[in-house]
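One structure is given below, encoded as structure tokens.
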Amino acid sequence: MTDQPLPEGLRPETLAVREAVARSQWGEHSEALYMTSSFVQSDCESAARRFANEEPGYTYTRTANPTVSSFERRLAAMEGTECAVATSTGMSAILLMALTVLKSGDHVVASQSMFGSTLKLLGSEMARFGVETTFVSQTDLQSWEAAIRPNTRLLFAETPTNPLGDLCDIAALAQIAHARGLLLAVDNSFCSPALQRPAQLGADLVVYSGTKLLDGQGRVMAGAVCGTTALVDKVMGTFMRSAGLNLSPFNAWVVLKGLETLSLRVRAQSAAALELATWLATHPKVARVHYSGLASHPQHALAMRQQGGMGGPVLAFDVVGQGAAQLRANAFHVIDSTRVCSITANLGDVKTTITHPASTSHGRLTEEQRQAAGIGQGLIRVSVGLEHLDDLKTDLCRGLDTLP
Ligand SMILES: Cc1ncc(COP(=O)(O)O)c(C=O)c1O
């Protein structure tokens, strides 16, 4: 069944439900799930042309699959990039970027506050292949510029960061990168295109853990890299055929449907996070709240400009306490006392999740690396979901109100 092409100029909310519906001959209304590893060819000549990329058409799901393509096209449309390539996880998206953009002898400048596995991948694993990374302050543009060397190829930022929510000024970093002929990649997992569209601010590549907000319901692992046809489709897409970091059709279908409600979810969760952060800031057992949606946050103005006027669904706070052992015990007490929040490392879910970053997501870092990233033993991260706010406050009070 042939559909009318969509009109030009549709907004991201419309594209989220209308873009890239790969409708079959049955005319189903909801997106079909093409759960197949390979595709039947009409004859050998046609198969040969398809395998040689001389004729359009599907051959094998590691090369392309209609459901995965729908997710890629829809995400790219929402992000405002020419294309996207989907991967099995967020980490495989970052690995895909590293293996295609970088080669032995290249240098990367990245934030020292990035997600723990990203720090490990760049700092340890890629180092074994001759790629060196200098980690710099998330917020200090001068330190990014000063770290650039003649062999630097990529600036890589994550904004806002996990778990503290510190920001990078994307437009300013893009200027620094482009003045030196470098690429800027931004991990947008914490905001999603519902709040922030880094490519519109000058980023060359936008990286996602689709496991977070894009799915938003804690069901599947997924990832993606968005950018230009020349780099993402031609270089990364071709590499995928050899490397096999693919997203499964089933997982692609789940995140594709997740995109439909993304904007509603992220806006509602961000509004709830602001209210929770405001309330936490007044609690006597909370030493400090880290949330860019608060007017008191040093990067509040940048957050409002860059993140569609919202702080996003994730906040963090330090509990009171003296010394690392007591801070850790207090944080554990607050987390273990909850009965509504889920004690789990994922984020961006409609179910509120609560985590102790120093012993989980950032547990593999050295104490020195954790301190550089500002992650103390008393820090708690909350990814706010869609529960009633009063229930969440009561849940956090169970532990906060009983702290010594
Ligand atoms: C900002 C960020 N980027 C990337 C990842 C990795 O994504 P995944 O767990 O889907 O591999 C995470 C996971 O928590 C993350 O928080």
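Here is how the number arises for the chain: DSSP H runs of 4 or more residues each give -39500 (n - 2.57), the sum is divided by the residue count, and the result at 222 nm is -10000 deg cm²/dmol.
Compute the acute angle (0 to 90°) between the alpha-carbon long axis of helix 90-101 and the principal axis of greatest extent of the alpha-carbon atoms of the chain; round to the nearest 10°. That works out to roughly 60 degrees. Of Lys103/Lys257; Lys257/Lys393; Lys120/Lys234; Lys103/Lys212, which pairs sit farther than 32 Å apart, going by alpha carbon to alpha carbon? Listed pairs above 32 Å: Lys103/Lys257.
With θ taken as phi - 60° and the Karplus curve 6.51 cos²θ - 1.76 cosθ + 1.60 applied, the whole-hertz 3J(HN,Hα) list for the range 59-70 is 10, 8, 5, 5, 8, 5, 8, x, 5, 5, 4, 4 Hz, x standing for glycine and proline. To the nearest ten degrees, helix 170-179 and the longest principal axis of the Cα atoms of the chain are 60 degrees apart. In degrees from 0 to 90, rounded to the nearest 10, what is the angle of the helix 323-336 Cα long axis to the longest principal axis of the chain? Helix 323-336 sits roughly 60 degrees off the main axis of the chain.
The magnitude of the dipole of the range 12-260, with charges of +1 and -1 set on the Cβ of Lys/Arg and Asp/Glu and taken from the Cα centre, is near 380 debye.
Taking the inverse of the mean 1/r over every pair of distinct Cα atoms in the range 263-400 gives a Kirkwood hydrodynamic radius of 15.1 Å.
If you put +1 on each Lys and Arg Cβ and -1 on each Asp and Glu Cβ, how big is the dipole of the range 232-372 around its Cα centre, in Debye rounded to 20?
So the dipole magnitude of the range 232-372 works out to roughly 180 debye.
Note that the range 26-37 has calculated 3J(HN,Hα) couplings of 8, x, 4, 7, 7, 4, 6, 9, 8, 8, 8, 8 Hz, one per residue in order, obtained from phi through the Karplus relation 6.51 cos²θ - 1.76 cosθ + 1.60 (θ = phi - 60°); glycine and proline are x.
For the range 239-344, applying the loop criterion from DSSP together with a ceiling of 12 other beta carbons within 10 Å to the trypsin sites (Lys or Arg not before Pro) yields Arg339. Loop-located GluC sites (Glu not before Pro) across the range 38-120 with a Cβ neighbour count of 13 or fewer within 10 Å are Glu54, with loop assigned by DSSP. Rounded to the nearest angstrom and ordered from largest down, what semi-axes does the equivalent ellipsoid of the chain get from its C-alpha gyration tensor (root of 5λ)? One finds semi-axes of 37, 25, 19 Å for the chain. By the beta-carbon count within 10 Å of each Cβ, the least crowded to most crowded order of Ile335, Ile375, fewest first, is Ile335, Ile375.
Quick note: the coordinates plus some simple rules give every number you see, no bench work behind them. Quantities reported herein were computed from a predicted structural model and do not represent experimental measurements. Every residue, glycine as well, gets a Cβ built from its backbone with ideal geometry; the counts of neighbours run over all protein chains shown.
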